[in-house]
Amino acid sequence: MSIAASASSHACISSIPTCIPSSSSKFSSSLTLSSLQRGSNKRSGCRAMVQQAVQGAPAAYAKEMERLSAKESLFLAFKDAGGFEALVSGKTTEWQKIDVNERITGLERLNPTPRPTTSPFLEGQWNFEWFGSGSPGLFAARFIFEIFPSTLANLSKMDVVIKDGNAKITANMRLLNSIENKVILSTKLSVEGPLRMKEEYVEGVLVTPTIIEERVPEQLKGALGQAANALQQLPTPIWDPVASGLKVPLSGSFQRLFMISYLDEEILIIRNTAGIPEVLTRLDAAPSSLGDSSPEYES
């Protein structure tokens, strides 16, 4: 029970004796009906305040338990659906998709953050657990699988770092189970309202692959070694851009609006203009307390 509720309850309880006449007191013949009605109304108000104060804490506790249960239910649905790997490879069934979406909706109605776009909880490193069409996650997955056959490449995970109005989305890819590569998308975020944000793509980077030598098949070690040596012998003006990654300007090419429908210290849920949800889970430490910063949007 909060301090304010406790103080209100104490004040009301202490006033009850003044609301109820003592059995030893004598009623004056001049006591009117209106004064009796005022006393009755005062007693009813006191009883209502006490009842509300006593019931407030259990109600808040029950709602919090419902929210935690809904979060656990969503995590279990992700697991039953095969996780991130099944989602990006297209192995998730229609039944699993509707089951996950049902649990997402159940959690959204218990959102504890009324102004998520200006909440300190929004910033940090987040891992993509679920996404649909039109999301950066699907954009990166399609980009990878259009370049490499699914038998040779897989998207192992995706995460995003949100900081100071910018987002950096990293898609981790593995080729032949021995070559790790990353695709990085940089975007700019603008606050459009307490729930709504705009995302503008700025740049895409195809990072130079990293070879895990102990996992390279024997028949490919010779070819990969020769390719690595050839790259290292390139002139500096050519090698430096290759080493830093292939950069593709994206400014003005793509933007989208989305709404944050749920945010707490562990889970972020957003929906695009078509209502398709993306669910992310926090990877780094959350802020110590929940709060809203000053709004930076125009209504």
(request) Test Leu220 against the criterion of being surrounded by 16 or more Cβ atoms within 10 Å (Cβ to Cβ), at pLDDT below 65 and in a helix (DSSP H, G or I), and give yes or no. (result) no
(request) Determine, yes or no, whether Val50 is touching a Cys at 6+ places or on another chain (Cβ under 8 Å) and modelled with pLDDT under 95. (result) yes
(request) Being part of a helix (DSSP H, G or I) and farther than 16 Å from Asn127 by Cβ is the filter; apply it to segment 78-99 and report the residue that is least open to solvent (accessible area, probe 1.4 Å). (result) Asp99
(message) Here is a check on your reading of the model: is Glu266 at pLDDT below 95 and either among the polar types (S, T, N, Q) or open to solvent by 60 Å² or more (accessible area, probe 1.4 Å) (or both)?
(response) no
(message) It is to be established whether one or more residues within segment 136-158 are touching a Leu at 6+ places or on another chain (Cβ under 8 Å), in a strand (DSSP E or B) and either at pLDDT 95 or above or of a type outside the set (A, V, I, L, M) (or both).
(response) no
(message) Which numbered condition in (1) under 30 Å from Glu200 (Cβ atoms); (2) modelled with pLDDT of 90 or more; (3) surrounded by fewer than 19 Cβ atoms within 10 Å (Cβ to Cβ) is the only one that Thr117 fails?
(response) (3)
(message) For segment 263-284, give me the residue count where each residue is closer than 16 Å to Phe84 by Cα and either over 10 Å from the mean Cα position of the chain (by Cα) or of a type in the set (Phe, Trp, Tyr) (or both).
(response) 2
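The values are calculated or read from the model by the stated rules, or taken from the named source; none is laboratory data. Quick caveat: nothing in here was measured; it's all calculated off a predicted structure. Every residue, glycine among them, receives a Cβ derived from its backbone with ideal geometry; neighbour counts consider all protein chains shown. Heads up: the accessible areas ignore ligands, DNA and RNA and are worked out on the full protein's heavy atoms, side chains in. Shrake-Rupley method; radii C 1.70, N 1.55, O 1.52, S 1.80 Å.
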